[in-house]
1. For the chain, find the longest principal axis of its Cα atoms and tell me its angle to the long axis of helix 96-107, 0 to 90°, nearest 10.
2. Give me the percent relative contact order of the stretch 141-249, please, defined on Cα pairs under 8 angstrom at least 6 residues apart.
3. Among GLY204, ALA105, LEU58, whose Cα sits farthest toward the positive end of the charge dipole of the stretch 2-251 (+1 at Cβ of Lys/Arg, -1 at Cβ of Asp/Glu, about the Cα centre)?
4. Counting other beta carbons within 10 Å of each residue's own, what order do SER14, SER37, SER109 fall into, fewest first?
5. Any idea how far the Cα center of the stretch 197-222 sits from the one of the stretch 79-96, in Å?
6. Given points 7 Å out from each Cα along the Cα-Cβ axis, report the ASN27 to GLU253 separation in nanometres with one decimal.
7. In degrees from 0 to 90, rounded to the nearest 10, what is the angle of the helix 69-78 Cα long axis to the longest principal axis of the chain?
8. If the chain between ASP101 and PHE80 were fully stretched, how many nm would it gain, using 0.36 nm times the residue separation less the Cα-Cα distance?
Amino acid sequence: MRFTTLGTGTVSLSRERSCAGHLIETNELRLLLDCGSGITRRLAERGDEWRTITHVALTHFHIDHHGDLPTLIFAWKYGFLPARSAPLTIIGPVGTVALLDRLAAAYGSWVIAPGFPVTILEITPADRLELPGGARLTCHAVPHTPESVAYSLEHGGRRIVYTGDTGPSSALAAWAQGCDLLVCECSLPANMAIPEHLTPEQCGELAGAATPGHLALTHFYPPVEHVDTRALVGARYTGPVTLATDGWHFDLEDE
Ligand SMILES: [Zn+2]
Ligand SMILES: [Zn+2]
């Protein structure tokens, strides 16, 4: 299983970082987690593999996490010949069906009926979604917007947790406990802290409680790039840390 950070930025537009989007790949599954602005460009830079994404999962409805989804669907419909025929599953928290209906009202019915089968699944923390190849997707509510969730993807005895956007949450730390890879938002320095996002210190506290095998930080607003994130996290969590950039990847061998 491979995790790739396609977009490690935010809506505070950055020269180096696209808005949020990440890819999980197994032999049978190509799952795009969030699809913010710039993710179609990042996918295009990787070649033709954007054509073969099987699932898209949204963490919440801020546009820096889904702004490129209509573009990607339009690309699947008109962007290559023969047009896509493979089914697509779009997953998201409660409200995802209504969001896509609103996007279809604005852009056209092709958003939800693009000529290949589209299934929209709303996931709640009580659900366990079985995905191709024996992968299992679950979610956990996080303090950011009312609908926001974190995701957990298990495959081959390994577990990846992606926080999406979140504020501090001891319940999230408990839920993420012992995962192999924790992909954690790291938005703002401590002097700009707000309840809806994490500082490096709070990322360190989350990872210190969850004790993942590896911690990857993402979703950097420009001001947090000017503090010593590695030291602030390292004082609270002693495991390996990556400050992810667009295109970084991490491989997890089956257990
Ligand atoms: Zn965001
Ligand atoms: Zn957000």
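1. Approximately 50 degrees, to the nearest ten.
2. Relative contact order comes out at 23 percent.
3. The listed residue farthest towards the positive side: ALA105.
4. Starting with the residue having the fewest Cβ neighbours, the order is SER109, SER14, SER37.
5. Answer, in whole Å: 31.
6. Output for this residue pair reads 1.7 nm.
7. The two axes meet at around 30 degrees.
8. 5.1 nm
Throughout, read-outs are computed from the coordinates displayed, never taken from laboratory work. Note that the structure is a prediction, hence the values are computed from the model and not measured. Reconstructed Cβ throughout: ideal geometry from the backbone, glycine too, with neighbour counts over all protein chains shown.
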